[in-house]
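Below: the structure, in structure tokens.
The values are calculated or read from the model by the stated rules, or taken from the named source; none is laboratory data. Everything numeric here is computed off the predicted structure, so don't read it as measured data. Neighbour counts are summed over all protein chains in view; Cβ atoms, including those assigned to glycine, are modelled from backbone coordinates with ideal geometry. Quick note on the areas: whole protein, heavy atoms, side chains included, nothing else; ligands and nucleic acids left out. Shrake-Rupley method; radii C 1.70, N 1.55, O 1.52, S 1.80 Å.
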Amino acid sequence: MILATDIDFDRDGKQVSAVRVPMQRDGGADGALLVPIAVIRNGDGPTLLITAGNHGDEYEGQVAAAAFVRSLDPAAIRGRVIIAPALNLAAATAGRRTSPIDGGNLNRSFPGDALGGPTAKIAAFVDAQLLPRADLVIDLHSGGTVFDYVCCLFASEHPDADVRRRTRQAIDAFGAPWCLTKPFRDDETTMLGSAARRGVPYLSTELRGMGTVGAEALKLAESGIHGLLSALGILPKKSNVTPAAPRWLRFRDGSLFPVAPEDGVFESRCALGQEVEAGDLCGLVHVVERPDRAPIEIRFRDSGVVVGLRHIARVAAGDDLAHVAQAGPEVAA
Ligand SMILES: [Zn+2]
């Protein structure tokens, strides 16, 4: 089943509307979630797909993507920009990572199920209707409420040389200070997995987090997306200045991030962006109901750069406390 929308993807001009995702709720009869979507088009040309709100508590991308809905003038572009700024709408409006309707984590729901719950239906719509129309996807994530993350790109090494080359061009055009490469997998249930299976170049971001919308994140999202629009030829180049090359990182295979060994309160003893050695102190977990017990020392197992750090202090056993990445290879041009 294709979800209902009055958007015509091939019409010139600016359309701001919604995709209707059927949803049952008490008092709503046969209702729908109105997932916002905008199409800005001017003639034939390349298509950039911008998505945010894939995880609902990652606010920076939602704000940045919506700003492009308002600011992009169809007369000033060539080609098409499709923007879905609050993709898992119920999660976005609830300020939660997952949907309060069906518990769905959209970025673990691909390629989706047109007959499934609302989150699975949204994934199926993206997979079947948006990705095939895109020449490049930028999916805006951040550390959410719980984590703080360096401003960075995530990309993977697609086995197809042309997809890889276009991915690398996009990385160079975005101008993020860091780029984390992930090993290619075409069995992932993420949007990256769906894009990889369809041979569409895909980048995602981390843009800080902590449940905030900070200036650093917005500035990078804005300049980065401008860079992508220029690289695709959708917008004219703003300047001839090439952004600085990113620092390339990856997560070591089988990397064991520090986790909370038991419930407690996490006190960080490291900083975002810090270089650490294996054995260095990551932080302490305080078991507050046992004041006689010394806090538990959490040490890094891997050396590298702290790219993500838990922000919310209260932790449950097994919660990630920090993400550490190592120097990695560039995505081949
Ligand atoms: Zn996310």
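Points worth noting:
- Residues of the range 137-183 that turn out to be within 16 Å of the ligand (Cβ to nearest atom) and of a type in the set (D, E, K, R), as a count: 3
- For P132, the conditions (1) under 22 Å from G45 (Cα atoms); (2) buried (at least 17 other Cβ atoms within 10 Å of the Cβ) are fulfilled apart from (2).
- Residue identified as outside the structural domain of N107 (by TED's automatic domain parsing) and either open to solvent by less than 70 Å² (accessible area, probe 1.4 Å) or touching a residue at least 24 places away in the same chain (Cβ under 8 Å) (or both) among V259, V213: V259
- Candidates G95, G104: the one that is on the phi > 0 side of the Ramachandran plot and within 17 Å of the chain's Cα centre (by Cα) is G95.
- Taken together, A217, A245, A231 contain a single residue that is closer than 30 Å to A313 by Cα and touching a helix residue (DSSP H, G or I) at 6+ places or on another chain (Cβ under 9 Å), which is A217.
- Hits in the range 193-209 (condition: under 18 Å from T47 (Cβ atoms) and within 16 Å of the ligand (Cβ to nearest atom)): S194, A195, Y202, L203, S204
- Those residues of the range 288-311 which are loosely packed, with under 15 Cβ neighbours inside 10 Å and under 22 Å from D57 (Cα atoms), in sequence order: none
- Taken over the range 192-229, the criterion of being part of a helix (DSSP H, G or I), out of contact with any strand residue (DSSP E or B) (no Cβ under 9 Å at 6 or more places or on another chain) and closer than 19 Å to P177 by Cα is satisfied by A215, E216, L218, K219, E222, S223, H226, G227.
- D253 vs. criteria crowded, with 16+ Cβ neighbours inside 10 Å, more than 16 Å from the ligand (Cβ to nearest atom) and at pLDDT below 95: no
- Residue tally, condition within 23 Å of R41 (Cα to Cα) and either among the basic types (K, R) or surrounded by fewer than 24 Cβ atoms within 10 Å (Cβ to Cβ) (or both), over the range 87-129: 4
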